[in-house]
Amino acid sequence: MQFGTKTEIRDSKDSAQSLAKISLIKSLEYSEFKEGQFSNENKSLKYRILRPEKLDLNKKYPLIVVFHGSGAIGSDNKSQMGVLSKMWLLPENRKKFPAFVIAPQFPVRSSNYHLDTTRGVQVSESNEYLDLLLKSVDSLASAENIDRSRIYVMGFSMGGSTTTNAVSKRPDLFAAAINISGISQFNNNENLLKTPIWMVHGSLDTDNFPQSNLKFYDEMKDKGQVLFWEFKDKYHNNIISAKLVDALPKWLFNQKK
């Protein structure tokens, strides 16, 4: 996949095999993701963390931060465990892509939207909970066997928006980012020039219209490291297919600071 390119994909009907794989991922038991909580003097943020299956203390491993959509807002420390988190439990991913995976749960929206009247699209902005998460990831990287040159971030819907917010705030932290069906941030684009960003959106998405991410791609394609997959026949809630799940870890693990 080449930066500065937009790929249009027509995939109107997922195969039975693809649907079965997504169903399998959703059914996976996630007790290997251990519970934790980040806190400062004002706020706290629950999370779950998966460590490499065979942790070698003499090695450093990538860290993948996974942001959830608005439907998982809460404090049960369970609802955030969707496909993008649980996919890392697949035996083939545990073997081929050993990593730390952290899935925080935000008690309020992690990203809010407003209209950019100049661009004519929705734009996103984050809050103090993301600030807490970013500082905590720094601490986690120091405490665990984490390779700081391979810290990745990805998310769906509100989590896709938060992915872009996170890179905008801390471009030094992340080696690559994947924004799936999110809303972009534009007021700090200079911070986004050096981070590889893969954007994925469905043309038929009416929850988060694709125009925001398409506008971001258009503004960044000639000067940043951005690529776009546009699924011409996909909506919001059917965008995560087996094709995408198979491609995500391969692309992430090819990126390094």
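Things to note:
- Filtered residues of the stretch 206-242 (kept if charged (D, E, K, R), within 24 Å of ASN187 (Cα to Cα) and over 18 Å from the mean Cα position of the chain (by Cα)): LYS215, ASP218, GLU219, LYS221, ASP222, LYS223
- Residues that are more than 23 Å from ASP207 (Cα to Cα) and of a type in the set (A, V, I, L, M), drawn from the stretch 127-166: LEU132, LEU133, LEU134, VAL137, LEU140, ALA141, ALA143, ILE146, ILE151
- For the stretch 3-12, the tally of residues that are part of a loop (DSSP other than H, G, I, E, B) and either loosely packed, with under 13 Cβ neighbours inside 10 Å or acidic (Asp, Glu) (or both) stands at 4.
- At least 1 residues being among the polar types (S, T, N, Q), open to solvent by 60 Å² or more (accessible area, probe 1.4 Å) and without any contact (Cβ under 8 Å) to a residue 60 or more places away in the chain is the threshold, and among the strands (runs of 3 or more DSSP E) wholly inside the stretch 13-75 those reaching it are 34-39.
- Residues located in the stretch 225-257, provided they are charged (D, E, K, R), modelled with pLDDT of 95 or more and buried (at least 16 other Cβ atoms within 10 Å of the Cβ): GLU230
- Residue selected from the stretch 102-115 under the condition crowded, with 20+ Cβ neighbours inside 10 Å and free of Cβ contacts under 8 Å to residues at least 60 places away in the same chain, by the criterion nearest to LEU57 (Cα to Cα): ILE102
- Positions within the stretch 76-101 being assigned to a loop (DSSP other than H, G, I, E, B) and open to solvent by less than 20 Å² (accessible area, probe 1.4 Å), in sequence order: ASN77, GLN80, MET81, LEU90, ALA99
- Candidates in the stretch 116-133 are the residues that are among the acidic types (Asp, Glu) and within 20 Å of the chain's Cα centre (by Cα); of these, the one that is least open to solvent (accessible area, probe 1.4 Å) is ASP131.
- Selection count, the stretch 137-167, where residues are more than 18 Å from ALA177 (Cα to Cα) and among the hydroxyl-bearing types (Ser, Thr, Tyr): 2
The values are calculated or read from the model by the stated rules, or taken from the named source; none is laboratory data. Small disclaimer: the values here were computed from a predicted structure and weren't measured. As a convention, Cβ positions derive from the backbone with ideal geometry for all residues, glycine included, and neighbour counts pool all protein chains shown. Just the protein is used for accessible areas: all its heavy atoms, side chains included, with ligands, DNA and RNA removed. Shrake-Rupley method; radii C 1.70, N 1.55, O 1.52, S 1.80 Å.
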